[in-house]
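The values are calculated or read from the model by the stated rules, or taken from the named source; none is laboratory data. All values derive from a computational prediction rather than experimental measurement. Every residue, glycine among them, receives a Cβ derived from its backbone with ideal geometry; neighbour counts consider all protein chains shown.
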Number of protein chains: 2
Amino acid sequence: MDKRPIGVFDSGVGGLTVVKQVMKVLPNEDIIYFGDTARVPYGSKSKETVKKFSSQIIRFLITKEVKAIIIACNTVSSNCYEELTEEFDIPIIEVVGPGVSSCVSITKNKKVGVIGTEATIRSKAYEKKLKAIDSEISVYSKACPLFVPIAEEGLGESEIAVLTAKEYLKELVQMNIDCIILGCTHYPLLKSCIAKVVGENVKIVDPAMATAQKMKSFLKENNMLNDKKGGDYCFYASDVADNFDSICTTVLNRIYKAKQADIEKY
Amino acid sequence: MDKRPIGVFDSGVGGLTVVKQVMKVLPNEDIIYFGDTARVPYGSKSKETVKKFSSQIIRFLITKEVKAIIIACNTVSSNCYEELTEEFDIPIIEVVGPGVSSCVSITKNKKVGVIGTEATIRSKAYEKKLKAIDSEISVYSKACPLFVPIAEEGLGESEIAVLTAKEYLKELVQMNIDCIILGCTHYPLLKSCIAKVVGENVKIVDPAMATAQKMKSFLKENNMLNDKKGGDYCFYASDVADNFDSICTTVLNRIYKAKQADIEKY
């Protein structure tokens, strides 16, 4: 048994969609969340910059004595996971592998769509992992960089969101995919809009649930589950702006006040 | 006469629209540009974070021995200009004052629109300066946060841009404004789309030209103009990603390769 908290981090507030699943799947675990709201977004930035920012965050979380870390951010998971596991001794779980496993068990026609930030799509991480499991799977990828600001603006269900989704997803729809992976933590905030555009025959895969399940299995296998009742949650952000509160309310149905952390010092 | 370069900085690549005007108005001046592409955008972040980032950039530019600095970024100009002039001895010129002066000389019906990032609009900097010059001017302000990612995506003339502009600008249009200030360096990249939505009777004011003129007057009055022929240009960015090249080509009609600067150290 291990009473230390789990660390979860993201480029910004999108990772709260992963926190939500961890709260459900592991209700007795304490969580320390860090959102890099001062430097969000990561998806348009280079691998070197994303790696540097992520290392700073992991060093910060280690000072909070976490027992394991979830990289909620797809851009970090798909670009820097290997380097980060080499750099740090602490157990780290990322979101791409669990998302891929879910998708493989769902697709029937083996035509899969993947959407994410520019950096996630450029890395081909989803494509490589899908093909490694089943080389017959055809993967159609599309970067959708406007989805993050649309979600942060609270416009996830607006006419602008629908038009933008139609523009981004038209080629995927033509490819007759039966499954689409939301390869960015912000995209669940546009889920109903994306569902409308891809149609009811396309299953939507959000890697968050499978990621939380993977953390549960890991903690169980290693006798690291917390045996107390209920979880304590602590939120940190590099910039404490208003939208943390509003997205927190949308995703977690209540406001958790974020504390500011000077991440550049780590 | 002063042969040192002028420093120009912005949250990202948008400030290149200001560099373009400085090149035109002051063709014999050398320019050192810094774009904070690793931490862009600033417009959704808090005043404290924007101030901290700006101070780091000014310290960086001072190491490059600039003789004066232009804050191309409206978010910085409208939120931190006074604090920065108190902190640093170097002459600093910002964009809000020049934009306001242009606008006051253009409006006839004294109904003015101002668009910018959330932080710029929240600061009320344009509104206060317009009212200080002419208290009869009515100011209608609107934050348009999706315009920055649309510009960075190269979608400034797309159907998505037009629909977004219609959504953001509908109230301003109803107010019968005769003049609109582009209170963000990215917005000139959506100029034709904005013009279409506001109609031909509304004059569009880009503060960049008046800002370059102000720098020219300042250098002339203080005998600080450079007397050589032609200018040398040097570009730095905190993250060197692909879109620096593409926006450089769009704005300046050629690629200037940006060097990477580790801004967090300053």
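So the values come out like this:
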read-out	value
Residue in segment A:30-39 that is out of contact with any His (no Cβ under 6 Å at 6 or more places or on another chain), more than 14 Å from every other protein chain (Cβ to nearest Cβ) and either assigned to a loop (DSSP other than H, G, I, E, B) or hydroxyl-bearing (Ser, Thr, Tyr) (or both) present	yes
In segment B:198-219, residue farthest from the chain's Cα centre (by Cα) [restricted to those that are among the charged types (D, E, K, R) and in a loop (DSSP other than H, G, I, E, B)]	B:GLU200
Selected residue [away from chain B (no Cβ under 14 Å) and in contact with a strand residue (DSSP E or B) (Cβ under 6 Å, 6 or more places away or on another chain)] from A:CYS248, A:CYS234	A:CYS234
Pairs with Cβ under 6 Å, 6+ apart, first in segment A:159-178 and over 15 Å from B:LYS166 (Cα atoms), second surrounded by fewer than 13 Cβ atoms within 10 Å (Cβ to Cβ)	A:ASP178/A:LYS108; A:ASP178/A:ASN109
Any chance B:ILE70 is outside any helix (DSSP H, G or I) and crowded, with 23+ Cβ neighbours inside 10 Å	yes
Qualifying residues in segment A:232-260 (those that are part of a loop (DSSP other than H, G, I, E, B) and at pLDDT 95 or above) - the one nearest to A:VAL25 (Cα to Cα)	A:ASP232
In segment B:99-154, the residues that are over 18 Å from the mean Cα position of the chain (by Cα), without any contact (Cβ under 8 Å) to a residue 60 or more places away in the chain and closer than 15 Å to B:ILE204 by Cα	B:VAL104, B:SER105, B:LYS110, B:VAL139, B:TYR140
Residue ID - farthest from the other protein chains (Cβ to nearest Cβ), chosen from residues in segment B:40-50 that are in a helix (DSSP H, G or I) and among the charged types (D, E, K, R)	B:LYS47
Selection status of B:ALA237, out of contact with any Gly (no Cβ under 6 Å at 6 or more places or on another chain) and closer than 12 Å to B:GLY15 by Cα	no
Wholly within segment B:107-197, helices (runs of 4 or more DSSP H) carrying at least 3 residues that are within 14 Å of chain A (Cβ to nearest Cβ), in contact with a helix residue (DSSP H, G or I) (Cβ under 6 Å, 6 or more places away or on another chain) and closer than 21 Å to B:VAL251 by Cβ	B:147-152, B:159-174
